[in-house]
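Computed from the coordinates by the stated procedures, all read-outs in this text should not be read as laboratory data. Since the model is a prediction, treat every value here as computed from it, not as a measurement. We place every Cβ from the backbone using ideal geometry, glycine too, and count neighbours over all the protein chains shown.
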């Protein structure tokens, strides 16, 4: 009787079952690692966006009534003729300002800024734009930015930026703009 080399049907089935269990185990350990590998990418992008937005906002004036011609006179202080230019008490966009290219003071940015793929602003808010008013929403898919500006003291405004990257976390940035 000639003996053939190879596996029997039972041995082949057992090998496939063992390989199947090994693959399930391997994939269950690797898949979470693959998903977590995107986290540093989103953290870096959120940090860059937050820093860019904060620089953009801090480059603006303290108040809509600030002196934008060199800042010689601050709002709420008398000029050389003794005339006081009061700071506005209302925070938010001023009339005629519809995008960042038209903003002139820090509190014009108050609101929710969304991207193409998500609008977590409850139906309101603005598309994410750069300082020139050009939309950059497509470059930050799944990001939502909330900006709040409040008076910290009479001569200081506190700017808070919250960037939500969905399942990759929320990142907070805080800055201050003085009346100078």
Work out the FRET efficiency for residue 35 and residue 65 from their Cβ-Cβ distance, taking R0 = 41 Å, and round it to the nearest 0.05.
0.25
Virtual spin-label span in nm between residue 121 and residue 97, 7 Å along Cα→Cβ:
1.5 nm
Cβ crowding within 10 Å averaged over residues, with 22-28, 172-178 ranked highest first:
172-178, 22-28
Given a Förster distance of 22 Å, the FRET efficiency implied by the Cβ-Cβ spacing of residue 142 and residue 174, rounded to the nearest 0.05, works out to 0.45
Among 34-40, 93-99, how do they line up from the highest to the lowest mean number of other beta-carbon atoms within 10 Å?
93-99, 34-40
What number, rounded to the nearest 500 deg cm²/dmol, is the helix-based mean residue ellipticity at 222 nm of the chain, given -39500 (n - 2.57) per DSSP H run of at least four residues and division by all its residues?
-9500 deg cm²/dmol
Of 108, 67, 79, which has the largest mean-square fluctuation in a 10 Å C-alpha GNM of the chain?
79
Mind telling me which of 143, 21, 29 comes out most flexible in a GNM of the chain, alpha-carbon contacts under 10 Å?
21
Using the Kirkwood radius built from alpha carbon pairs, what does the Stokes-Einstein equation give as D for region 39-180 at 25 °C and 0.890 mPa s, in µm² per second?
155 µm²/s
Does anyone have the angle between helix 39-58 and the longest principal axis of the chain? Alpha-carbon axes, 0 to 90°, nearest 10?
10 degrees
Given the options 48, 104, 81, which has the most mean-square fluctuation in a GNM of the chain, springs set between C-alpha atoms less than 10 angstrom apart?
81
To the nearest 10 degrees, how steeply does helix 9-36 sit against the main Cα axis of the chain, on a 0 to 90 scale?
10 degrees
On a full-extension model of 0.36 nm per residue, what is the gain between residue 16 and residue 28, subtracting their alpha-carbon distance, rounded to one decimal in nm?
2.5 nm
